[in-house]
Amino acid sequence: MSPSAGSEIVHVSDTALMVAACRALETARPDGFIRDPFAERLAGSRGMAIAQGLERVEIMCFGVGIRSHFIDDLVASAIIEHDILTVLSLGCGLDTRPWRMKLPAGLRWIEVDYPAMLEYKSERMASVAPVCQRETLAADLTDAACRRTIWKAAGTSPTLMITEGLLSYLPGATVDALATESTIGSAVRYWIADLTSAAFARIAGENSVRSVENVRAPDSIDGVEILSRARAAGWNTLKQYSYLTDIRPIAGHRMPAPPPADQPLPISMDDPTGVRLFEHA
């Protein structure tokens, strides 16, 4: 990845460094939601500088940790319950699940991202063997020819697609393509995705991270619209974790204070923000 100075996010790849740094900070906490022994080496000094430069770094770490925790659970259960033989991790960034999770040794785990991201990650992780059969595929998800290559690479074995921290950065047309093409050109029948509504982003202060907003596609869409388009493409929710109702059992004393009893929650309780395991009809 092309290094850039300071703590500003100037390219979407910088968000991967920031997320890795948040996982590293969570790992260092005795009450952290995630244990990722490789996060710090992947974040590097640049990623740590980005994270520590955030105005609300603790909120960001809270969110990244919760998301990682829930997706870990969905990945582990889906592999067992649905006989998954291939995982297709799109926009994988600096995710370390092929090294840190308990996965079947014969599982194919295909990581898809920009060439520089994959090269950087492979270099940093060269001394550690993955626990499963990790493969890499350099591709631009906005390019139709690249997507056809991805679906072909997935093959015909039961496949789980993961799009963690990705969809809200992509053009809406690319989200549509992932939802529709994946089930036509491959054996993808399960999909794990995280969704964030515009309303939730406002109350969580995510929009205050302006540099993150600047690397989203101009025609990106929020979680409400993503869910609507996924359903229209034939995806049904099998299991979900809501960031509104399902975090309290694991968050404990780290839960944000609720609003006063005489003030309504500034968001609907049916807000889709959270993570979901979809199955294609």
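The values are calculated or read from the model by the stated rules, or taken from the named source; none is laboratory data. Quantities reported herein were computed from a predicted structural model and do not represent experimental measurements. Methodologically, a virtual Cβ is constructed for each residue, glycine included, from the backbone with ideal geometry; neighbour enumeration extends over all protein chains shown. What goes into the accessible areas is simple: the full protein's heavy atoms, side chains included, and nothing from ligands, DNA or RNA. Shrake-Rupley method; radii C 1.70, N 1.55, O 1.52, S 1.80 Å.
Neighbours of GLU135, meaning other residues whose beta-carbon lies under 10 angstrom from its beta-carbon, give a summed charge of +1 when Lys and Arg score +1 and Asp and Glu score -1.
Across the chain, C-alpha contacts under 8 Å between residues 6 or more apart give a mean separation that, scaled by the residue count, equals a relative contact order of 17 percent.
The dipole here belongs to segment 26-69: it is taken about the Cα centre, uses +1 on the Cβ of Lys and Arg and -1 on the Cβ of Asp and Glu, and is about 120 debye. What the Cβ-Cβ distance of ALA105 and SER45 gives, at R0 = 30 Å and to the nearest 0.05, is a FRET efficiency of 0.30. Per-residue SASA remark: TRP151, around 10 Å² accessible (1.4 Å probe; ligands, DNA and RNA not included). Net charge around GLY93, counting only other residues with Cβ within less than 10 Å of its Cβ (Lys, Arg = +1; Asp, Glu = -1)? Summing Lys/Arg as +1 and Asp/Glu as -1 gives -3. For the chain, just list the percent of Cα-Cα distances falling in each 10 Å bin from zero outward, please. Histogramming the chain at 10 Å steps yields 6, 30, 39, 22, 3, 0 percent. Taking a straight Cα-Cα cut-off under 17 Å and skipping sequence neighbours fewer than 8 places away in the same chain, the aspartates and glutamates within cross-link reach of LYS152 are GLU111, ASP113, GLU135, ASP140, ASP143, GLU181. Placing unit charges on each Cβ (+1 for Lys and Arg, -1 for Asp and Glu) gives the chain a dipole about its Cα centre, and among PRO98, VAL57, ALA145 the Cα reaching farthest toward its positive end belongs to PRO98. Based on Cα atoms of segment 93-172, Rg over Rh with Rh as the Kirkwood radius reads 0.95. Accessible surface computed residue by residue for segment 95-144, with neighbouring protein chains in place and a 1.4 Å probe, gives 47 Å² per residue. At an R0 of 35 angstrom, the distance between the Cβ atoms of GLU81 and LYS152 translates into a FRET efficiency of 0.85. Placing unit charges on the Cβ atoms only, positive for Lys and Arg and negative for Asp and Glu, gives the chain a dipole magnitude near 540 debye about its Cα centre. ARG202 contributes an accessible area of around 150 Å² to the protein surface, as traced by a 1.4 Å probe with all chains present.
Considering all C-alpha pairs of segment 40-199, those separated by over 29 Å amount to 17%.
In terms of accessible area, using a 1.4 Å probe and ignoring ligands and nucleic acids, GLU26, GLU279 rank largest first as GLU279, GLU26. Using Cα positions and a limit of under 23 Å, work out the lysines in reach of LYS121, with same-chain residues fewer than 8 apart set aside. The reachable lysines, counting only those whose Cα sits under 23 Å from LYS121, are LYS102. Label separation (ALA129 vs VAL215): 3.3 nm, computed from points 7 Å beyond Cα along the C-beta direction.
Taking Lys and Arg as +1 and Asp and Glu as -1, the other residues whose beta-carbon sits under 15 Å from that of LEU107 total -1. Between GLU58 and SER122, residue separation times 0.36 nm minus the direct Cα-Cα distance comes to 20.2 nm. Short-range pairs are left out: with C-alpha atoms under 8 Å and at least six residues apart, the relative contact order of segment 84-159 is 39 percent.
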